[in-house]
1. List every residue pair whose Cβ atoms sit under 6 Å apart, with the two residues 6 or more apart in sequence or on different chains, where the first one lies in the range 278-302 and is in the same structural domain as residue 258 (by TED's automatic domain parsing) and the second, anywhere, is assigned to a loop (DSSP other than H, G, I, E, B) and at pLDDT below 95.
2. Under 22 Å from residue 249 (Cβ atoms), part of a loop (DSSP other than H, G, I, E, B) and either at pLDDT 95 or above or not assigned by TED's automatic domain parsing to the domain that holds residue 41 (or both): does that describe residue 373?
3. Which ones in the range 145-176 are more than 20 Å from residue 90 (Cα to Cα), modelled with pLDDT of 95 or more and touching a helix residue (DSSP H, G or I) at 6+ places or on another chain (Cβ under 7 Å)?
4. Testing residue 27 on (1) surrounded by 16 or more Cβ atoms within 10 Å (Cβ to Cβ); (2) at pLDDT below 95, one condition comes back false. Which one is that?
5. When the residues of the range 297-329 are narrowed to those that are closer than 23 Å to residue 379 by Cβ and assigned to a helix (DSSP H, G or I), which ends up farthest from the chain's Cα centre (by Cα)?
6. In the range 199-222, what count of residues is obtained for those that are outside any helix (DSSP H, G or I) and either out of contact with any helix residue (DSSP H, G or I) (no Cβ under 9 Å at 6 or more places or on another chain) or closer than 20 Å to residue 352 by Cβ (or both)?
7. Criterion first (crowded, with 21+ Cβ neighbours inside 10 Å and not in a helix (DSSP H, G or I)) does residue 261 satisfy it?
8. In the range 330-351, what residues are buried (at least 17 other Cβ atoms within 10 Å of the Cβ) and assigned to a helix (DSSP H, G or I)?
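The values are calculated or read from the model by the stated rules, or taken from the named source; none is laboratory data. Everything quoted here is computed from the prediction, not taken from an experiment. All Cβ positions, glycine included, derive from the backbone under ideal geometry; neighbour counts span all protein chains shown.
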């Protein structure tokens, strides 16, 4: 039924046949080839056209029922759904975002939004769009997809086209998971100081407190980096996978919280993280912040960057929620790596301080990244299933 609805919608947008409107020949097709795929975390849509597409003249949130509308959209309909999601190019920020129009089964727009995206033009006749599917409300499942476009005119049948012109194509959006990150070796206590970005980090978990920390991060829309101890991981594998699934990062904090650890302590925790989550960590935090040349060299040998911090509220000593909050917001600077704890003892004070810490720093113009991202590297994702 969903395919039939999509076919019918495509037929409405397809160019007329040779008879055309009032016997006129149809205008030449502009859409030549389109391709949809997954690359890491991104949904990637590429399109070749007969002539360069003028992005600045397109409507990013069009009503495609209007004959005069000018648009170029990727339209996806899901099995069992009565409408479709249209991701449309154009507008003042056409290289950094796309419009999202949700339409019902009759093609009427019922919701509009914008989605962050990367839009590139590698050739005059080619466009490549990459975006995170979840940001557009797209979940892993099967979709029917097509490209729809119009240059705008008085008669919709004379200027609208779809690719393919017949039945839409099938595409299965697969779930993805973090599998690693870039960046190896070195010792870092902070990131670049030329921009107001910081990293929130949490040590000594996973623990019974970790889900509460994840809930705050999720509600505030910020990522964190969790440095975890190998001996604390068994039985909490689902929490570890949740950390990564929600856009956070996991780092190595040794097997048994040993200061100045040797190879087995660091390698053992890294191996356990990968075994439980499929994620190969890139970061190592030495317990107590104790480092020497041997520790840094061992971590580098394992492909790990050694990460300390430059903001420490000493929350491990349970100084009180107000003291934790004040120390963090009073000492944070651009590029700060902020130390907190989600394990190793009672962490109610830290958990209570976290929402206000995020709100205050954000009000002061700070944004938040994982440590890997703060250091200019990136997380690596891979589709599975």
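1. 282/183; 300/185
2. Details: under 22 Å from residue 249 (Cβ atoms): yes; part of a loop (DSSP other than H, G, I, E, B): no; either at pLDDT 95 or above or not assigned by TED's automatic domain parsing to the domain that holds residue 41 (or both): yes.
No: the conditions fail for residue 373.
3. Residue satisfying the conditions is 173 alone.
4. With (1) surrounded by 16 or more Cβ atoms within 10 Å (Cβ to Cβ); (2) at pLDDT below 95 applied to residue 27, the lone miss is (1).
5. Our first condition is that a residue be closer than 23 Å to residue 379 by Cβ; within the range 297-329, this holds for 299-311.
Narrowing further to those that are assigned to a helix (DSSP H, G or I): 299-301.
Details: 299: 28, 300: 28, 301: 30 Å.
Per the criteria, the residue is 301.
6. As a first pass, look at the range 199-222 and keep what is outside any helix (DSSP H, G or I): 199-209, 221-222.
Narrowing further to those that are either out of contact with any helix residue (DSSP H, G or I) (no Cβ under 9 Å at 6 or more places or on another chain) or closer than 20 Å to residue 352 by Cβ (or both): 200-209, 221-222.
Total meeting the criteria: 12.
7. On the way: crowded, with 21+ Cβ neighbours inside 10 Å: yes; not in a helix (DSSP H, G or I): yes.
It is true that residue 261 is crowded, with 21+ Cβ neighbours inside 10 Å and not in a helix (DSSP H, G or I).
8. In the first step, residues of the range 330-351 are kept if they are buried (at least 17 other Cβ atoms within 10 Å of the Cβ); the result is 332, 335-344, 347, 349-351.
Answer for the range 330-351, where residues must be buried (at least 17 other Cβ atoms within 10 Å of the Cβ) and assigned to a helix (DSSP H, G or I): 349, 350, 351.
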